[in-house]
Amino acid sequence: MGKKALVTGVTGQDGAYLSRLLLEKGYEVHGLFRRSASADVIGARLRWLGIIDDINLQDGNLTDLASLIRIMRDVKPDEVYNLGAQSFVKSSWQQPLLTGQVTGIGVANVLEAVRLECPEARFYQASSSEMYGLIQEPQQNEKTPFYPRSPYAVAKLYGHWMTVNYRESFSLHASSGILFNHESPLRGIEFVTRKITDGVVRIKLGMQDKLALGNLDAKRDWGHARDYVEAMWLMLQQETPDDYVVATGQTVSVRDFCRLAFSHVGLNFEDHVTVDPRFMRPAEVDVLLGDPSKAKEKLGWTPKTTLDQLVAEMVEADLGRLSTQS
């Protein structure tokens, strides 16, 4: 019999790619499914990858410990991947308490359910490079001090340290992946990279003329989600749990991401991109640059997709989506 995995956030970008990877490795995959008003479209990413019928969806919520205990008891997973969160940084200023409950306390709820019902299971926590915030070192590794700059980052930091605490207090096999920005055609439209590629295609097809963005000078270390979920899986195959930075080790500006995306369809971004103060963050994270040396050394992990390839894949996917609407 293959292993059983429970994935929270299964309908998100990372959850979808991770589920496909686990299915390819022979896992029985269970996904936490949160009931909502958009339940009819919430499985779109799983459908896009052609795996929705292969996932065992479990009705529960990160804020409801009782539902998590029930699911752990019923599924008895070998591995638990906690990817669920209120993950849009901008919204965390508008909904700081919800973000704290889901992105922060939700981690403690999952850990507690694992401790009570399946303490032998291996646990993965999706930590975030946003925890570094106002960076304390030019390149961030596992020992770099954190300085979160948004309610989202503060909540992620709580979840990160709770994972460490449960590992050290209860001897759980609990690891955190401090993932730097990772994108794909499955990225939500509210995120800047997908907003750019979608806008590029709409402009190319004559559906709009301008693309309004916020801080074009912000720099991020961008990789492909498909590569990064492999690092998650590798962490739980290690004999000893630990925390790992997952990144490419290169950083580029939003401006340069725009340049790549527009040039892919033969356009000059300067003719179409405008800066709108409404999209500026109350507290900006100017630059993030990860040091993935530990993941490379201990996990044998390296990113396979270049930034050029990532941007091209995202633009082409949006061309496919929107060409039928033009």
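The values are calculated or read from the model by the stated rules, or taken from the named source; none is laboratory data. Please read all numbers here as calculations on a predicted model, not as lab measurements. Cβ sites come from the backbone with ideal geometry, for glycine too, and all protein chains shown count toward neighbours.
Taken residue by residue, the range 29-37 has at least one member that is at pLDDT below 95, within 29 Å of Phe279 (Cα to Cα) and within 18 Å of the chain's Cα centre (by Cα).
Among the residues of the range 205-233, those identified as within 19 Å of Asp291 (Cβ to Cβ) and among the acidic types (Asp, Glu) are Asp221, Asp227, Glu230. Criterion first (at pLDDT 95 or above and part of a helix (DSSP H, G or I)) does Gly177 satisfy it? Criteria not met by Gly177.
Considering the conditions (1) part of a helix (DSSP H, G or I); (2) out of contact with any strand residue (DSSP E or B) (no Cβ under 8 Å at 6 or more places or on another chain); (3) of a type in the set (A, V, I, L, M, F, W, C); (4) closer than 18 Å to Thr193 by Cα, Val285 is excluded by exactly one of them, (1).
Only one of the listed residues (Thr251, Thr240) is at pLDDT 95 or above, under 24 Å from the mean Cα position of the chain (by Cα) and under 18 Å from Val287 (Cβ atoms). That residue is Thr251. Out of Val311, Val229, Val285, one residue alone is under 30 Å from Thr8 (Cβ atoms), crowded, with 17+ Cβ neighbours inside 10 Å and modelled with pLDDT under 95. It is Val285.
This table checks each residue for (1) buried (at least 22 other Cβ atoms within 10 Å of the Cβ); (2) among the small types (Gly, Ala, Ser).
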| site | (1), (2) |
| --- | --- |
| Val164 | no, no |
| Gly177 | yes, yes |
| Ser184 | yes, yes |
| Thr197 | yes, no |
| Val201 | yes, no |
| Leu205 | no, no |
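Every residue, every condition in (1) in contact with a Phe, Trp or Tyr (Cβ under 7 Å, 6 or more places away or on another chain); (2) free of Cβ contacts under 8 Å to residues at least 12 places away in the same chain; (3) in the same structural domain as Gln140 (by TED's automatic domain parsing); (4) not in a helix (DSSP H, G or I), yes or no:
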| site | (1), (2), (3), (4) |
| --- | --- |
| Arg194 | no, no, no, no |
| Gly199 | no, no, no, no |
| Asp209 | no, no, no, yes |
| Arg226 | yes, no, yes, no |
| Ala231 | yes, no, yes, no |
| Leu234 | yes, no, yes, no |
| Gln237 | no, yes, yes, yes |
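Pairs meeting the criteria (first residue in the range 165-177 and farther than 23 Å from Gln140 by Cα, second residue of a type in the set (Ser, Thr, Tyr) and surrounded by 14 or more Cβ atoms within 10 Å (Cβ to Cβ), beta carbons under 6 Å, at least 6 apart or on different chains) are Leu172/Tyr166. Val265 meets the stated requirement of being more than 30 Å from Leu21 (Cβ to Cβ), β-branched (Val, Ile, Thr) and either out of contact with any helix residue (DSSP H, G or I) (no Cβ under 7 Å at 6 or more places or on another chain) or touching a residue at least 12 places away in the same chain (Cβ under 8 Å) (or both).
Among the residues of the range 129-142, is any under 19 Å from the mean Cα position of the chain (by Cα), at pLDDT 95 or above and in a strand (DSSP E or B)? Yes, there is a match, as at least one residue in the range 129-142 is under 19 Å from the mean Cα position of the chain (by Cα), at pLDDT 95 or above and in a strand (DSSP E or B).
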